[in-house]
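Structure first, then comments.
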Amino acid sequence: NPVAPNFQLLQNTPNPFNPETWIPYELEEAAEPTLIINDIFGRLIQKINVGQQTAGSYNSKESAIFWDGRDMFGYHVQTGIYYYTLTAGKNSETRKMIVIR
């Protein structure tokens, strides 16, 4: 009987990246994860609604969250440090990533 993973947000890959990255994660229970990307000033850059997911590991390129390095208006973000926060149910975790243009 496989053990359900704990909620975990993993480091994006590649990091630093240009032009795109994948953000792996693990869910301990079924949820509708949302990924928020902010710049170092806390401004919202992008919001990705993943949709309903079952408990499990989302570590491969096929299952991890994909980000094309664009903001909500479709523009490529500038070189810099960004923070990404995954929220799923009562769980939330934040990590840092670097974009190099």
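On the basis of being in contact (Cβ under 8 Å) with a residue 40 or more places away in the chain, assigned to a strand (DSSP E or B) and of a type outside the set (A, V, I, L, M, F, W, C), does Asn15 make the cut? For Asn15, the condition - in contact (Cβ under 8 Å) with a residue 40 or more places away in the chain, assigned to a strand (DSSP E or B) and of a type outside the set (A, V, I, L, M, F, W, C) - is not met. The residue that is least open to solvent (accessible area, probe 1.4 Å), among those in the range 1-43 that are over 16 Å from Ile65 (Cβ atoms), aliphatic (A, V, I, L, M) and at pLDDT 95 or above, is Ala30.
Of the listed requirements (1) under 15 Å from Asn6 (Cβ atoms); (2) of a type outside the set (S, T, N, Q); (3) touching a residue at least 24 places away in the same chain (Cβ under 8 Å), Lys90 misses just one: (3). Pairs under 7 Å by beta carbon, first residue closer than 14 Å to Leu44 by Cβ and without any contact (Cβ under 8 Å) to a residue 24 or more places away in the chain in the range 60-82, partner open to solvent by less than 90 Å² (accessible area, probe 1.4 Å) and part of a strand (DSSP E or B), six or more apart or different chains? Qualifying pairs under 7 Å: none. With the requirement that a residue be outside any loop (DSSP other than H, G, I, E, B) and farther than 14 Å from Tyr25 by Cβ, what does the range 78-101 give you? Once the filter is applied, which keeps residues that are outside any loop (DSSP other than H, G, I, E, B) and farther than 14 Å from Tyr25 by Cβ, the range 78-101 yields Gly80, Ile81, Tyr82, Tyr83, Lys96, Ile98, Val99. One residue stands out in the range 42-69 among those that are out of contact with any Asp or Glu (no Cβ under 8 Å at 6 or more places or on another chain) and part of a strand (DSSP E or B): the one that is farthest from Pro19 (Cα to Cα), namely Leu44. Tell me, please, whether a residue that is of a type in the set (Val, Ile, Thr), touching an Asp or Glu at 6+ places or on another chain (Cβ under 6 Å), surrounded by 16 or more Cβ atoms within 10 Å (Cβ to Cβ) and not in a strand (DSSP E or B) can be found in the range 70-77. Yes: one or more hits.
Can you confirm whether Phe66 is surrounded by fewer than 17 Cβ atoms within 10 Å (Cβ to Cβ) and either on the phi > 0 side of the Ramachandran plot or of a type outside the set (Gly, Ala, Ser) (or both)?
When the stated conditions are applied, Phe66 passes them.
The values are calculated or read from the model by the stated rules, or taken from the named source; none is laboratory data. All of these numbers come straight from a predicted model, not from anything done at the bench. FYI the Cβ positions are ideal-geometry reconstructions off the backbone, even for glycines, and counts take in every protein chain you see. What goes into the accessible areas is simple: the full protein's heavy atoms, side chains included, and nothing from ligands, DNA or RNA. Shrake-Rupley method; radii C 1.70, N 1.55, O 1.52, S 1.80 Å.
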